[in-house]
Amino acid sequence: MAARFPVKVAFHHVGRLAHRTDPAPFQVLLDLPLTEHLSRETFTTRLAALHYVFLPIREGYYNLSASGAFLDAMTWAKPVIARSPPIVSPHFRRFGDIGYLCDSDADMRDAVEAIVTGRDADRYARQVAAMQTRRAARTPTALATTYRSVTQQDHPGLL
């Protein structure tokens with residue numbers, strides 16, 4: 001997509017490269033992954049510059065594990081272009097249009113192309129707002145309310 005839309009599309013790597021990962025496939029990125037931990041300044045600068053967080057995560061490992069990148073997207077209210085493993089798809093059902101939920105690599109390419117060729121500023125603003133709502137649902141106060149409700153439901157009289 002970066003080759004097809006060279007002025008409009010650039011992919012960046014925000015985190016560090018996982019141990020024993022071949023760096024060769026990442027050479028197409030504008031910001032190459034680092035092998036050491038990023039400074040907070042580098043991390044925030046890279047993440048703040050993004051319009052979307054691209055999450056080509058697959059079923060398997062992420063069926064039962066959180067994605068730090070997805071949590072960062074929520075924290076920074078960045079819409080996502082993501083695959084649909086169980087850790088991602090419920091967020092789309094609960095919070096609405098928080099980006100593009102994709103089932104395949106072709107769907108991810110289509111999402112990038114739609115963003116580049118459609119330039120729907122209103123939809124993007126709605127996606128950011130939905131991510132802000134998602135972020136608000138993760139505050140300690142909001143989570144405490146949810147935890148209290150679940151605890152009361154599962155253990156009547158405990159509280």
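Computed from the coordinates by the stated procedures, all read-outs in this text should not be read as laboratory data. Since we're looking at a predicted model, the values are computed, not measured. Glycine also receives a Cβ, built like all others from the backbone with ideal geometry; neighbour counts cover every protein chain displayed.
Quick one: angle between helix 140-154 and the longest Cα principal axis of the chain, in degrees between 0 and 90, rounded to 10, please. Orientation of helix 140-154: about 50 degrees from the principal axis. The simple Förster model, with R0 at 35 Å and r as the Cβ-Cβ distance, assigns His155 and Ser89 a FRET efficiency of 0.75.
Compared with the dominant Cα axis of the chain, that is its longest principal axis, helix 121-136 is turned about 40°.
Across segment 1-94, the relative contact order, built from alpha-carbon pairs under 8 Å that are at least six residues apart, equals 22 percent.
When both segment 114-159 and segment 11-55 are represented by their alpha-carbon centers, they are found 26 Å apart.
The C-alpha atoms of the chain define a longest principal axis, and helix 105-118 lies at about 80 degrees to it.
The simple Förster model, with R0 at 30 Å and r as the Cβ-Cβ distance, assigns Arg58 and Asp122 a FRET efficiency of 0.45. A straight chain from Ala66 to Arg4 at 0.36 nm per residue would run longer than the Cα-Cα distance by 19.1 nm. Sorting Ser84, Ser104 from the fewest to the most surrounding beta carbons within 10 angstrom yields Ser104, Ser84. Since only Pro33, Ala18, Ala48 are under comparison, the one whose Cα sits farthest along the positive direction of the charge dipole of segment 1-49, derived from C-beta charges on Lys, Arg, Asp and Glu, is Ala48.
In the chain, Cα pairs under 8 Å separated by at least six residues give a relative contact order of 17 percent.
Farthest toward the positive end of the dipole of the chain, out of Gln153, Gly68, Val80, is the Cα of Gln153, where the dipole comes from beta carbon charges about the Cα centre. Placing +1 on the Cβ of every Lys and Arg and -1 on the Cβ of every Asp and Glu, with nothing else charged, gives the chain a dipole about its Cα centre of roughly 340 debye. Residue exposure proxy: Arg94, Arg126, ordered by other Cβ atoms within 10 angstrom of their Cβ from fewest to most, comes out as Arg94, Arg126.
Dipole of segment 73-159, Cα-centred, from +1 at each Lys and Arg C-beta and -1 at each Asp and Glu C-beta, to the nearest 20 debye? The calculation lands at about 400 debye. Length gained on full extension, Arg46 to Asp97, computed as 0.36 nm times the residue gap minus the Cα-Cα distance: 16.0 nm. Ordering Leu159, Leu143 from the fewest to the most neighbouring beta carbons within 10 Å gives Leu159, Leu143. Computed on segment 1-49, with alpha-carbon pairs under 8 angstrom and 6+ residues apart, the relative contact order is 37 percent. Counted residue by residue at 0.36 nm each, then reduced by the alpha carbon distance between them, the extension gain from Thr139 to Gln27 reaches 36.6 nm. Here the Gaussian network model covers the chain, with springs between Cα atoms less than 10 Å apart; of His91, His12, His37, His37 fluctuates the most.
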